[in-house]
1. So how do R53, R131 line up by other beta-carbon neighbours within 10 Å, fewest first?
2. Using 0.36 nm per residue, how much length does the chain from T99 to K51 gain when fully extended, once their Cα-Cα distance is taken away?
Amino acid sequence: MSRVVVLGLTGLILASCGPADQTSAPEAAAPEPAAAPASAAATDPAGAWTKIRITGLTCGDNCYVQIQPIDGGEADDVMCSADLCTPWFENQALAAGVTDKTWEVQMGAVDQLDNEGTVMDDNFPAIIAIREAV
């Protein structure tokens, strides 16, 4: 984003030094900074928090967390890209007490890969952020 601002300011400075008809150039560059936050939002988990219970873990080529929404929605098997899930996957087991707690999660999607690294599904449901509910 700093490059866009620097380039925009450079263009504005250069345009102000030239003939008057070049003043439209900075206006054409104005939409560029507006696009920068959109790409930043794509990497930032910005969804609603949903309360769930974790009911299990199954590991094969990938590990899948079994979740049950507290509001009575359907149970689901999902992947998890949140840091808290990493030790569960490394041990192929949930830590003690995980199933006894209520959790809040933000859901997103990740690539589901097979053991050879081939993408099986490029939009598989996943926990992208998790925290213990208060």
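Computed from the coordinates by the stated procedures, all read-outs in this text should not be read as laboratory data. Here the structure is a predicted model, which means the values were calculated and not measured. Heads up, the Cβs are rebuilt from the backbone with ideal geometry, glycines too, and the neighbour counts pull from every protein chain shown.
1. Values: R53 17, R131 12.
Listing R53, R131 from fewest to most nearby Cβ atoms yields R131, R53.
2. Working: separation 48, 0.36 × 48 = 17.28 nm, distance 1.31 nm.
Net length gain for the segment: 16.0 nm.
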